[in-house]
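Please treat every number below as a calculation from the coordinates, not as lab data. Predicted, not measured: the structure shown is a model, and the values here were computed from it. Here Cβ is always computed from backbone atoms with ideal geometry, including for glycine, and neighbour counts include all displayed protein chains.
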Amino acid sequence: MSKTLKDLMDAFAGESQANRKYLAFAKKAEEEGFKQIARLFRAAADAETVHAHAHLREAGGVKSTKENIEAAISGEIYEFEKMYPAMIEDAKAEGNTCALRNFTYANAVEKIHAMLYKKALAELGKNKEMDYYVCQICGNTVENEAPDECPICKAKKQAFKKID
């Protein structure tokens, strides 16, 4: 890997993290009544997304939809087979119950994401319409309709957000 390609991928990771962090900061500012600061955080987050996408495209990380789905499947499988199990064990060993819950939820959801991507790959080109709902507690992602209760975290139907 060339130095510039490594730099592009490092910049992509940094900009991506900044985006997510600024959106979390915006949510907190909004909760505390600082609407203008929340707006600024959201604006900066959007700019970081512009940068991240540019870096990823330049690094050759955005390919055909078929290749992108295959990459997503691979990433999700890595997360639930390797990354999160190790993190779950670390959290258990350290007695960090909050991190353990977060890692366990994420691990369960990554399996679902891999399944959804595999299904999408199998149906690629069929243009089948599907609604998706995401549990705002654990991230569980479901098709068609939100369940009455999340099977992962037990949150009620109202915790699910429809994705447009």
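Projecting the Cα positions of Gly95, Val109, Tyr78 onto the charge dipole of the range 64-127 (unit charges on Cβ atoms of Lys, Arg, Asp and Glu, taken about the Cα centre) puts Val109 furthest along the positive direction. Going through the range 14-123, which GluC sites (Glu not before Pro) have at most 13 other Cβ atoms within 10 Å and a DSSP loop state? Sites meeting the loop and neighbour criteria: Glu32, Glu123.
With 0.36 nm allotted per residue and the present C-alpha distance subtracted, the Glu67-Lys21 stretch has 13.7 nm of extension available. Restricting the range 47-133 to trypsin sites (Lys or Arg not before Pro) that sit in a DSSP loop and have at most 16 other Cβ atoms within 10 Å of their own Cβ leaves Lys63, Lys126, Lys128. Scanning the chain for DSSP H helices at least 27 Å long along the axis (C-alpha atoms) with a Kyte-Doolittle mean no lower than 0.5 picks out nothing. Cβ-Cβ distance of Asp90 and Leu5, R₀ of 35 Å, FRET efficiency by 1/(1 + (r/R0)^6): the value works out to about 0.70. State the label only: which of (i) 18.0, 50; (ii) 14.6, 41; (iii) 15.2, 57 corresponds to Rg and Dmax of the Cα atoms in Å computed from the shown model? Matching the structure shown: (i).
If you put +1 on each Lys and Arg Cβ and -1 on each Asp and Glu Cβ, how big is the dipole of the range 1-98 around its Cα centre, in Debye rounded to 20?
Dipole magnitude for the range 1-98 comes out near 340 debye.
In a reduced charge model with +1 at each Lys and Arg Cβ and -1 at each Asp and Glu Cβ, the chain shows a dipole moment near 200 debye about its Cα centre.
Which links in Lys21/Lys66; Lys128/Lys161; Lys128/Lys162; Lys27/Lys128; Lys66/Lys128 stretch past 23 Å when you go from one Cα to the other? Violating the 23 Å Cα-Cα cut-off are Lys21/Lys66; Lys27/Lys128. The simple spin-label model puts a point 7 Å past each Cα toward its Cβ; for Ala47 and Glu32 those points are separated by 2.1 nm. As a rough footprinting exposure proxy, the listed residues Thr104, Thr4 were ranked by other beta carbons within 10 Å of their own, and the order from fewest upward is Thr4, Thr104. Model label points for Leu40 and Thr97, set 7 angstrom from Cα along the Cα-to-Cβ axis, are 3.9 nm apart. When both the range 90-140 and the range 11-66 are represented by their alpha-carbon centers, they are found 21 Å apart.
Our estimate of slack between Asp148 and Lys126, defined as 0.36 nm per intervening residue step minus the Cα-Cα distance, is 5.0 nm.
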